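Colleague: One structure, as structure tokens, below. Some questions next.
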Amino acid sequence: MAGTSSRWLISYVDNLPKGDEKGLFYALDLGGTNFRCLRVQLGGKEGRVVKQEAEEVSIPPHLMVGSSHELFDFIASALAKFVASEGNNYPLPVGRQRELGFTFSFPVRQTSISSGNLIKWTKGFSIDDTVGEDVVAELTKAMKRQGLDMRVAALVNDTIGTLAGGRYHDNDVAIAVILGTGTNAAYVERAQAIPKWHGPLPKSGDMVINTEWGNFRSSHLPLTEYDLALDTESLNPGEQIFEKLTSGMYLGDIVRRVLWRLAEEASFFGDNVPPKLQVPFTLRTPVMSAMHHDSSSDLRVVADKLRDVFGITNTSLNTRKTIVNICDIIAKRGARLTAAGLVGMLKKQGRDTKQRTVIAMDGGLYEHYTIFSKCLESTLAEMLGDEVAKNVIVTHANDGSGIGASLLAASHSQYL
Ligand code: ADP
Ligand code: MG
């Protein structure tokens, strides 16, 4: 379409988990401000997920814009510590190497199920020397430096992991969406229908597509002056436009920009413009969400947040009501755009019918920003009509991406 761009990526995942996966597998989930290590014991058709343990580590901000070597060393060292805490509860046959599903939620051009080159960083990461490199090779080298003997069996992103995790529980899961720091979606496509696919047709006939919809942009997608300013000042100007309208990293900052403008042009907070309003990302989306959900009659939460975040005191109730309204407009725009994207995917799959379809959702924004999630679902119903919407089930796939990556490591194990 003219004026529209998006670059869908082929995942190399053509065998989603069936439920008979067995053994000890690890997963590493890197995709935002935190990363997680996970180990699971899979017990086959009967046992399912026998047990699992996870550990979350936050990434020091300087490593998000430093060198590739340092970032991967930090990750591999945390993983090595986590592996060392395994104890005797996770039996591994003698001579067998531990295997890992690596969830790496940035745009990657896959070259196989277990290799792929980073196209670009997003979500506040910016490390030049990783771009173009095989991130599995980077991780593998770092693991070696840490003395950790582990093989990356599957490289996926969080949407693919969530899709796999969702499928493990319900065969009608056809789409997975992440709404967290960033946003992305994946879906199951008939391999025959993929013009970019020149390999042999997979046995299942299906291939998972990573839409990278966060990078969608279109001349039909209206952008306000606040969106344009946010984009221009971002680490990745001109890119991830849809993500900048819909995801957790940015929603709060759009609100801040509107408030700043109101302060400058309409003395919204009195004669002076509160200086902190001018500082990018001072208003985080969880704080925006807390203000938006404030149900107290005098909007106490809004008052508290304004004081804590911006040092703004003595606002009138009307001012606070206006702020809640601004949050409402910005959150609902994001939610409705996301719903529209989902309807587009359902149509592409021919699933905008009465067939049962499950959409697996994950991510902090979806999980915690209730008004956003509710609006997303009601917009879906509005667009699909009640009859079709009844059969389109939106579920929260809690930690689908972690479990999903370990399942994909199992289904791509070297020991099969
Ligand atoms: P990531 O996307 O970094 O892998 P998550 O899925 O946990 O991690 O999402 C974290 C993001 O979710 C945060 O950056 C934030 O934008 C958003 N978020 C977390 N808590 C809330 C909340 N209470 N309300 C709204 N958004 C939230
Ligand atoms: Mg995540």
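Colleague: Taking the range 239-292 on its own, how many of its residues are part of a helix (DSSP H, G or I), hydrophobic (A, V, I, L, M, F, W, C) and either within 17 Å of Leu228 (Cα to Cα) or under 32 Å from the mean Cα position of the chain (by Cα) (or both)?
Modeller: Going through the range 239-292 one residue at a time, the tally reaches 15.
Colleague: Mind listing just one residue for me: the one in the range 7-32 that is among the acidic types (Asp, Glu) and either touching a residue at least 40 places away in the same chain (Cβ under 8 Å) or not in a loop (DSSP other than H, G, I, E, B) (or both) and, of those, farthest from ligand 2 (Cβ to nearest atom)?
Modeller: The extreme case among them is Asp14.
Colleague: Within the range 159-202, can you find the residues that are among the polar types (S, T, N, Q) and away from ligand 2 (no atom under 16 Å from the Cβ)?
Modeller: Asn171, Gln192
Colleague: Kindly evaluate Asn117 against the criterion of being surrounded by fewer than 22 Cβ atoms within 10 Å (Cβ to Cβ) and outside any loop (DSSP other than H, G, I, E, B).
Modeller: On the way: surrounded by fewer than 22 Cβ atoms within 10 Å (Cβ to Cβ): yes; outside any loop (DSSP other than H, G, I, E, B): yes.
Here the answer is yes, as Asn117 does meet what is asked.
Colleague: Can I ask one more? When the residues of the range 293-302 are narrowed to those that are more than 16 Å from ligand 1 (Cβ to nearest atom) and charged (D, E, K, R), which ends up farthest from the chain's Cα centre (by Cα)?
Modeller: Asp298
Colleague: Name the one entry in Pro17, Pro60 that is within 16 Å of ligand 1 (Cβ to nearest atom) and over 18 Å from the mean Cα position of the chain (by Cα).
Modeller: Pro60
Colleague: Residues of the range 33-78 being of a type outside the set (S, T, N, Q), buried (at least 16 other Cβ atoms within 10 Å of the Cβ) and assigned to a helix (DSSP H, G or I), which ones?
Modeller: Scanning the range 33-78 gives Leu63, Met64, Leu71, Phe72, Asp73, Phe74, Ile75, Ala76, Ala78.
Colleague: Across the range 356-372, which residue is nearest to Asn157 (Cα to Cα) among those that are more than 16 Å from ligand 2 (Cβ to nearest atom) and among the hydroxyl-bearing types (Ser, Thr, Tyr)?
Modeller: Thr357
Colleague: Something else about it: Which condition breaks for Ser295 when tested against (1) within 16 Å of ligand 2 (Cβ to nearest atom); (2) assigned to a loop (DSSP other than H, G, I, E, B); (3) not β-branched (Val, Ile, Thr)?
Modeller: Failed condition: (1).
Colleague: List every residue pair whose Cβ atoms sit under 6 Å apart, with the two residues 6 or more apart in sequence or on different chains, where the first one lies in the range 355-377 and is under 17 Å from Tyr250 (Cβ atoms) and the second, anywhere, is β-branched (Val, Ile, Thr) and crowded, with 23+ Cβ neighbours inside 10 Å.
Modeller: Gly363/Ile178; Leu376/Thr338
Colleague: Could you please find all residues in the range 226-261 being more than 16 Å from ligand 2 (Cβ to nearest atom) and either without any contact (Cβ under 8 Å) to a residue 24 or more places away in the chain or in contact with a strand residue (DSSP E or B) (Cβ under 6 Å, 6 or more places away or on another chain) (or both)?
Modeller: Leu228, Asp231, Thr232, Ser234, Pro237, Gly238, Ile241, Lys244, Trp260
Colleague: Check the range 106-122 and report whether any residue there is over 22 Å from Leu408 (Cα atoms), more than 16 Å from ligand 1 (Cβ to nearest atom), of a type outside the set (Phe, Trp, Tyr) and without any contact (Cβ under 8 Å) to a residue 12 or more places away in the chain.
Modeller: no
Colleague: Got a sec? Which helices (runs of 4 or more DSSP H) wholly within the range 327-416 have at least 1 residues that are over 15 Å from the mean Cα position of the chain (by Cα), closer than 12 Å to Val177 by Cβ and more than 16 Å from ligand 1 (Cβ to nearest atom)?
Modeller: 370-384
Colleague: Here are Thr395, Thr353: which of them is surrounded by fewer than 20 Cβ atoms within 10 Å (Cβ to Cβ), away from ligand 2 (no atom under 16 Å from the Cβ), of a type in the set (Ser, Thr, Tyr) and closer than 30 Å to Arg39 by Cβ?
Modeller: Just one listed residue meets the conditions, Thr395.
Colleague: What's the number of the condition Tyr168 fails, among (1) part of a loop (DSSP other than H, G, I, E, B); (2) modelled with pLDDT under 95?
Modeller: Exception for Tyr168: condition (1).
The values are calculated or read from the model by the stated rules, or taken from the named source; none is laboratory data. All of these numbers come straight from a predicted model, not from anything done at the bench. All Cβ positions, even for glycine, are placed from backbone atoms using ideal geometry, and neighbour counts span all protein chains on display.
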